[in-house]
Every structure is written in structure tokens, then in C-alpha cells.
């Protein structure tokens, strides 16, 4: 079994796919065979943007993925851009489909990046939330959080959820161009309450080191 790294976030549109691609490139630069999977993607009609981006990135760096198709990267898709529970009309999750997809891809890599959908408590069906899939696949986790006002609350809530489930994780901040206020209004809190503030755009090498050895 390959090393499984689950990419989750404090909400949707925080930067999971962007961060996943950074991880893929960094691991590949170290000579590590890396792969990726997006377990579930919603809002898919003719094109699965997240899965397409992941597959394109991996194919450039891991020759073993040359025959892999988008349907292999994203085994479950729904048309409605909503939580899987809603998009599927509350259909039961078929874990066998996800298992088969993960097992197929991890034969081609040493590290498998598993991208979630939305945040930790996005409902998948009546039984599972996204956080339950992290536990099911026994994955080390990267929590991607934002740098806008409110990130302190959002980050702490997600970290507490991961701690409550005894999930091994680290947190990385995905700061964007319009997040200039982070350094003044939010970062001082994080600098005073943890050893290091890891940022996706600056510390991807350290992030990879910690995840790989966690």
C-alpha cells in the first residue's frame, strides 16, 4: 500500500486542488512516484475540472499514469454542484467503488494524494461525512485553510474535529493575493499558539517532509 495523504479544507474553494498539485510536483522532484485521486466531485456535467487538473499534473510527472483516465481519478461524480448527499439524492455511498479506485491507482505510485470534497463535515450520505472517509482510508491529512478574516475560527473548528477523531494531520495556510491583512489581523494568533505557520506557497517542501513522515 502506498502512503496515503488526504487533502481536506476548512470549506469549499479554499485551494485543495491547487495544494494537491504543489504536493504532486514536490514529491515528484524528489524522485518519488506520486499519484492522485479525487474520490467524489460534484458539479460535473461534461468536464470534471478538479480531476482533470490532477490527472494532467500527474501524467507529466509519473509515466505509470499514462493510460489512466479521468474516470479512474474521480470514480464518483454528480451533476449538481452541492454536497454529495444532496447531489446524489441521499443515495448510499458505494465504498467498494472508492476502494477499487484507490487500490488500482496506488499500484502505480508510492504516495497517493487523495483529495476530498469541501470540508470535513460535508455529508456524503446518511452514514458518512467527508471526515469519515479520512478514517476509512487511514490517511495522513493535510488541512488547507484560508488567510482571510475568520480563518482563526474556521481553522480551530476543523483542527478540533480532526483531534476528536485522533486523525494525524498538519495545517497549511493558502494565502492569496487579496489576503494582505492576514499578517496583521490573524497570523499573530497562530504564531503565538503553534511552532510554525506553514504556507502552501512558501513551505511546500516542509509540508511534504512532515506529511511523508507523519
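Here is how the numbers come out for the structure above:
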read-out	value
Residues of segment 87-124 classified as assigned to a helix (DSSP H, G or I) and free of Cβ contacts under 8 Å to residues at least 12 places away in the same chain, total	3
Matching option when the condition is surrounded by 17 or more Cβ atoms within 10 Å (Cβ to Cβ), over 15 Å from the mean Cα position of the chain (by Cα) and within 28 Å of residue 146 (Cα to Cα), among 87, 53	87
Candidates 168, 183, filtered to the one that is in contact with a strand residue (DSSP E or B) (Cβ under 7 Å, 6 or more places away or on another chain) and surrounded by fewer than 17 Cβ atoms within 10 Å (Cβ to Cβ)	168
Positions within segment 136-155 being part of a helix (DSSP H, G or I), in contact with a strand residue (DSSP E or B) (Cβ under 9 Å, 6 or more places away or on another chain) and free of Cβ contacts under 8 Å to residues at least 60 places away in the same chain, in sequence order	none
Candidates 25, 71, 21 - the one that is more than 30 Å from residue 155 (Cα to Cα), surrounded by fewer than 22 Cβ atoms within 10 Å (Cβ to Cβ), within 19 Å of the chain's Cα centre (by Cα) and at pLDDT 95 or above	71
Exclusive hit being within 22 Å of residue 49 (Cβ to Cβ), modelled with pLDDT of 95 or more and either in contact with a helix residue (DSSP H, G or I) (Cβ under 9 Å, 6 or more places away or on another chain) or crowded, with 22+ Cβ neighbours inside 10 Å (or both), set 162, 98	98
Hits in segment 2-19 - residues which are in contact with a helix residue (DSSP H, G or I) (Cβ under 6 Å, 6 or more places away or on another chain) and either part of a loop (DSSP other than H, G, I, E, B) or closer than 19 Å to residue 111 by Cα (or both)	2, 5, 6, 7, 10, 17
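The values are calculated or read from the model by the stated rules, or taken from the named source; none is laboratory data. Being a predicted model, the structure only gives us computed values, none of them experimental. Because the Cβ atoms are built from the backbone with ideal geometry, glycine has one as well, and the counts that use them run over all protein chains shown.
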